[in-house]
Amino acid sequence: MDSLTQIVLGAACGEAVLGKKIGNRALLFGAIGGTIPDLDVYVGGWLYGNEIDAMLFHRGFMHSFLFSITASFFMGWFIFKLYNTGKRTHTTTQKNWIHLFFWSLFTHPILDCFTPYGTQIFAPFTNYRVAFNNIAVVDPAYTVPFLIALIGVMFFNRASMKRRLWLKWGIGLSSFYMLFTIGNKLYIDHIFKASLNEKAIEFNRFLVQPTLFSNILWYGIAETDDTYVVAEYSLLDTGNRFLNFSNLPKQRDLNPLQYQDIINLAWFSNGYYSIYKINQNEYQYNDLRYPLLDENDPNSSVFSFVLYHDDKRLNMRPFERNTEKINVAIQSIWKRAKGI
């Protein structure tokens, strides 16, 4: 999920393991552990000269169980050596620190698995991306109560029972909400499948996921033999069926058989993608796992980027923050979520 959520979860793990011994410093070190896997964004840019390779490195090995285990031993040993000096000698053990970093690192990829982006938790043994699609990458309903609880933790003495109570409330509320999103996902899957059947749409497979910021508005995409079918459903709709069905062409202005990079990107998008030619050397790649900004424009995907020829390979333009596009997406999501 987003960086703030992972910091909050990591801090909670740090508090659970070492809060009684080192107080608020456990929150800090747990937050550091919860952040480490997402540093693969920078590591990928350092390792690869190609932006496609760098993007595909994210949520790869540094989000795997193997990395969590090995890194926890190294970080536990390293921080223990730094911390166990002066007046702090013998206040903690190396085992304590290994446990702190194990849980803060290990829970990071597990949480990411619930999002649509996908996480290679079994790397390097397989590149299979685990994605349960039940919660958005950014969902304040999960993060905000958890964050408030951890802020509350900081105001109590490390030996206080109230400190532990605030931690339990934070973990409990976030876990309860996660269970709600899982149940909601199963319900929405049923609704989307029933909607497709009522429309007499013969599909090969489908994918349903929440849009950004909530678990209220959902986006569904189904693949047929020659097209994609997309629709939306809000829990606030008066009916219990997906609406605004539209067809998206399987546009392939770059042949996957001629470019290994397209094969890799198709794997990344789970086969839901389109490619439109912009000019002689540039193409827009749309990841269709994510909604459109304009239902009448099949080339308006929320998650898209520009590809270009780079020697014998393809490369991609670095992501740029498009404030106008973000604002349009937020307004569209908010309006549709209200059942409008």
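The values are calculated or read from the model by the stated rules, or taken from the named source; none is laboratory data. What you see is a predicted model; the values in this text were computed from it and never measured. Every residue, glycine as well, gets a Cβ built from its backbone with ideal geometry; the counts of neighbours run over all protein chains shown. Surface areas here come from the heavy atoms of the whole protein model, side chains and all, with no ligands, DNA or RNA. Shrake-Rupley method; radii C 1.70, N 1.55, O 1.52, S 1.80 Å.
Tell me the per residue accessible area of region 1-87 using a 1.4 Å probe; a whole number in Å² is fine.
Heavy-atom accessible area per residue stands at 44 Å².
Counted over the chain, the DSSP beta bridges are approximately 95% antiparallel. Estimated purely from DSSP H runs of n ≥ 4, each contributing -39500 (n - 2.57), the mean residue ellipticity at 222 nm for the chain is -16000 deg cm²/dmol once divided by its residues. Remark: region 26-154 carries a charge dipole of roughly 620 debye about the Cα centre, counting +1 on each Lys and Arg Cβ and -1 on each Asp and Glu Cβ. Taken over the alpha carbons of the chain as equal point scatterers, the Debye sum produces base-10 log I(q)/I(0) values at 0.08, 0.10, 0.12 Å⁻¹ of -0.45, -0.68, -0.93.
For the chain, the relative contact order comes to 12 percent (Cα pairs under 8 Å, sequence separation of at least 6). The DSSP beta bridges internal to region 200-328 are antiparallel in roughly 95% of cases. Along the chain, the exposed loop sites are trypsin sites (Lys or Arg not before Pro) outside DSSP states H, G, I, E and B with at most 10 other Cβ atoms within 10 Å, and the longest stretch free of them is 1-311. Counting Lys and Arg as +1 and Asp and Glu as -1 over every other residue whose Cβ lies under 13 Å from the Cβ of L207, the net charge comes to +2.
Taking the protein heavy atoms of the chain in the context of the full set of protein chains, the accessible area attributed to carbon and sulfur is 62 percent at 1.4 Å.
Are there DSSP H segments in the chain that both extend 18 Å or more along their axis (alpha-carbon positions) and score a mean Kyte-Doolittle hydropathy of at least -1.0? List them, or say none.
Values: long enough: 3-22 (26 Å, 0.96); 65-83 (26 Å, 1.49); 94-113 (29 Å, 0.28); 140-153 (19 Å, 1.84); 161-198 (55 Å, 0.11); 323-337 (21 Å, -0.26).
Membrane-span-like by this criterion, though nothing is claimed about a membrane: 3-22, 65-83, 94-113, 140-153, 161-198, 323-337.
Cα centroid separation, region 285-302 to region 233-252: 13 Å. In this model, which of K193/K277; K87/K168; K21/K87; K81/K162 are farther than 24 Å apart at the alpha-carbon? Long pairs (Cα-Cα over 24 Å): K193/K277; K87/K168; K81/K162.
A full extension of the chain between R205 and R313 corresponds to an added length of 35.8 nm, given 0.36 nm per residue minus the alpha carbon distance.
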